[in-house]
1. Every residue in segment 493-507 that is within 18 Å of E440 (Cβ to Cβ) and crowded, with 18+ Cβ neighbours inside 10 Å, please.
2. Go through (1) of a type in the set (V, I, T); (2) under 19 Å from T141 (Cα atoms); (3) surrounded by fewer than 13 Cβ atoms within 10 Å (Cβ to Cβ) one by one and return the number of the condition T176 breaks.
3. One residue is enough: does segment 257-276 have a residue meeting the conditions in contact with a Ser or Thr (Cβ under 9 Å, 6 or more places away or on another chain) and either free of Cβ contacts under 8 Å to residues at least 40 places away in the same chain or part of a strand (DSSP E or B) (or both)?
4. Testing Y451 on (1) within 16 Å of the ligand (Cβ to nearest atom); (2) farther than 21 Å from M347 by Cβ, one condition comes back false. Which one is that?
5. When segment 52-100 is examined, which residues are found to be crowded, with 22+ Cβ neighbours inside 10 Å and charged (D, E, K, R)?
6. Let me spell it out: the conditions are (1) touching an Asp or Glu at 6+ places or on another chain (Cβ under 8 Å); (2) more than 16 Å from the ligand (Cβ to nearest atom), and D283 meets all of them except one. Which number is the exception?
7. Looking at this structure, is L156 closer than 28 Å to V12 by Cβ and under 26 Å from the mean Cα position of the chain (by Cα)?
8. Filter segment 455-467 down to the residues that are farther than 24 Å from P520 by Cβ and modelled with pLDDT of 95 or more, then identify the one that is farthest from the ligand (Cβ to nearest atom).
Amino acid sequence: METKYIFVTGGVVSSLGKGIISSSLACLLKARGLRVTIQKFDPYINIDPGTLNPYEHGECYVTVDGHEADLDLGHYERFTDIHTTRDNNVTTGRVYQSVINKEREGVYLGKTVQIIPHITDEIKRNIKALGKTGRFDYVITEIGGTVGDIESLPFLESVRQLRWELGKNAVCIHLTYVPYLRAAKELKTKPTQHSVKQLQELGIQPDILVLRTEKEIPADIRGKIARFCNVDIDAVVQSVDLPSIYEVPLLMHRQHLDELVLRKSDVPVEGEPDLAAWTHFLDRMKAADKTVTIGLVGKYVELQDAYKSINESLFQAATYSDHRLNLKYIHSEKLTDDNVAEKLGEMDGVIIAPGFGSRGIEGKFTALKYCRENDIPTFGICLGMQCMVIEFARNVLGLEDANSTEMNPNTPHNVIDLMEDQKSVTRKGGTMRLGAYTCELRLGSKIAQAYGKTEVSERHRHRFEFNDKYRGEFEAAGMACVGENPDTRLVEVVEMPKKRWYIGTQYHPEYQSTVLNPNPIFISFVKAAIAYHAEKKLEAAAENQKL
Ligand code: GLN
């Protein structure tokens, strides 16, 4: 079949969940046996979000091919199990960079280079690039930002042109907001009407409207919106707030969003999507009646999007252990020797978060010393793993002032040091060790047991590494280097075999954990936390009996 293109735009306000709607639709189409991919076009000028502070744009997600991407690509992968690549995330900056490069190469043959047609042609070329490979039946394109933003205009103009060129092979979905005014006890449709008008002024008539709302929208109000917006009543779909984003695909299916898309793109609707595994996950999620409490020690705790993939991986792992996740954010800058027991004492497991720079780093060491000495299941990710190494060097090996050269270039014990091939790197964007690399795990190690195999591939994003010079000292004192890269011998995993569960990974397993394929290391960590919780309970009961 010819490749079909679905465009998802947003109106009224940002943060309505275009990424979740796009992911849910992809999930449904995939469950119908169709080959689907999703891509995000972001209107900002940065070449990619790799250099953005998490406060600006949440987590930076990393694809297998080492692209630093918008966090929505994480949703795409978690909902669909597809692997995205750098082709799935394009920014205004990338588009302009490519056009300007072509201009310098003389590609435009003396023409004046303009937004239309040169920028829009470049956007259209990028939108169609994945479709052209012949690997997909449906390419879903999410346009970042909100209709009315100046910077979104070239993207929307490209969608208008493509819509015209592609005819039945294009479908436009517009996501808007229907606020509920508590004082008036009324749902208000005017913002949606205005947003659709604005889209129509740009020459785009949406085929389907998805209305984000806190409250159920009655049929007469949906009818009113349909009339005002030139959309069929059955193509006005509502997206009511739900306790979990993973329920959205079923909510969309109940309102026939997948069928609508098939019909509007001239594809026969046959049978039903196979959602058995998805429903099974939701059933377990809803049935879970026990709780596992995990503490996440990091410096971006005010902004939960900064650790999006870790949160979701933990949630998936807890669900597959039939537990609810109680995730507590612990500000690393506020942790001290005096309050660490109070802040971490109740945790069943602790994660030490990834990060850059020295802010909050001492709090991470404090947390790790406490976790190691009290044998709490502990998982260090990237910077978290590097902190495990530093804390162990300082407090077990007695290497005072041991550090990473990222934090102190003059440390006498550079147990974490800049990778050799990073030493000449000065440019910031896209220059870290990025993307998926193979890692060999030591047979019999806890990590190998967690994965059930000794070779894995996980994604990276870092410049610093475990300093191999110290390997012997660490091994002898009880911290084993149990994972390494087969080509470079870089240490990728450390663990303390004598502890309940004390593991650090230089890589980020959270980038590869999906609803249908949760990452085994998160499963193993959460299981250890649950077991530790049970042990604590038994101990407390025994203590009580003695009294
Ligand atoms: N700052 C560390 C490095 O560059 C860790 C990076 C991370 O946690 N993603 O190696």
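1. Passing the criteria: V493, V494, E495, I503, G504, T505, Q506, Y507.
2. (3) is the only condition that T176 fails.
3. no
4. Evaluating Y451 over (1) within 16 Å of the ligand (Cβ to nearest atom); (2) farther than 21 Å from M347 by Cβ leaves (1) as the failure.
5. Selection gives E59, E68, D70, D72, E77, R78.
6. That leaves (1) as the condition not met.
7. Working: closer than 28 Å to V12 by Cβ: yes; under 26 Å from the mean Cα position of the chain (by Cα): yes.
Criteria met by L156.
8. First, the residues of segment 455-467 that are farther than 24 Å from P520 by Cβ: 463-464, 467.
Then keep just the ones that are modelled with pLDDT of 95 or more; that gives 464, 467.
Numbers: F464: 3, N467: 12 Å.
Across segment 455-467, the extreme among qualifying residues is N467.
The values are calculated or read from the model by the stated rules, or taken from the named source; none is laboratory data. Being a predicted model, the structure only gives us computed values, none of them experimental. Positions of Cβ are backbone-derived with ideal geometry, glycine not excepted, and every protein chain shown enters the neighbour counts.
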